[in-house]
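The values are calculated or read from the model by the stated rules, or taken from the named source; none is laboratory data. Since the structure is predicted, the reported quantities are computational estimates derived from the model, not experimental observations. When we count neighbours, we look across all protein chains shown, and the Cβ atoms used for this are built from the backbone with ideal geometry, even at glycine. For accessibility, only protein heavy atoms count, side chains too; no ligands or nucleic acids. Shrake-Rupley method; radii C 1.70, N 1.55, O 1.52, S 1.80 Å.
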Amino acid sequence: MRLPKYRLKAERSLMVFEFTSQGPKGHIPKLVKYSETNLKDMYNLAFGDKDIKTGQINDTIISNNGDSDMVLATVVSTVYAFTDKYPDVWIF
């Protein structure tokens, strides 16, 4: 993908990534989390706004901050980083 991306912060394990969407509705923190499933080598990708109170993902909010291409490109870049570190896994 050759679209602009947001700068990412990641945990050492590359299981959690954080970035900030910037647009007309302000600065909105986002999270991407990878978690194991009950299937061998299968991971779930969860994405959404970061709930400031809990630190968890809220994937029910539609923030519409006018930067969906950049947000999508950033999420995709986490897939590349994650699979570079864990090349034998599948992502759901």
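Note on segment 9-40: residues that are in a loop (DSSP other than H, G, I, E, B) and within 18 Å of Asp84 (Cβ to Cβ) total 5. Look at (1) open to solvent by 30 Å² or more (accessible area, probe 1.4 Å); (2) free of Cβ contacts under 8 Å to residues at least 60 places away in the same chain and you find that Asn65 fails only one, number (1).
Determine whether segment 53-62 contains at least one residue that is of a type outside the set (A, V, I, L, M, F, W, C), more than 22 Å from Leu14 (Cβ to Cβ), in contact (Cβ under 8 Å) with a residue 24 or more places away in the chain and open to solvent by 30 Å² or more (accessible area, probe 1.4 Å). No, the conditions are met nowhere in segment 53-62.
Pairs linking a residue in segment 70-84 that is hydroxyl-bearing (Ser, Thr, Tyr) to a residue that is open to solvent by less than 40 Å² (accessible area, probe 1.4 Å), with Cβ atoms under 7 Å and 6 or more positions apart or on different chains, are Thr74/Tyr6; Thr74/Phe19; Thr78/Phe17; Thr78/Val32; Thr83/Val89. Looking only at residues in segment 1-22 that are within 16 Å of Asn65 (Cβ to Cβ) and of a type in the set (A, V, I, L, M, F, W, C), the one that is surrounded by the most Cβ atoms within 10 Å (Cβ to Cβ) is Phe19. Being part of a strand (DSSP E or B) and at pLDDT 95 or above holds for only one residue in Tyr43, Tyr6, and it is Tyr43.
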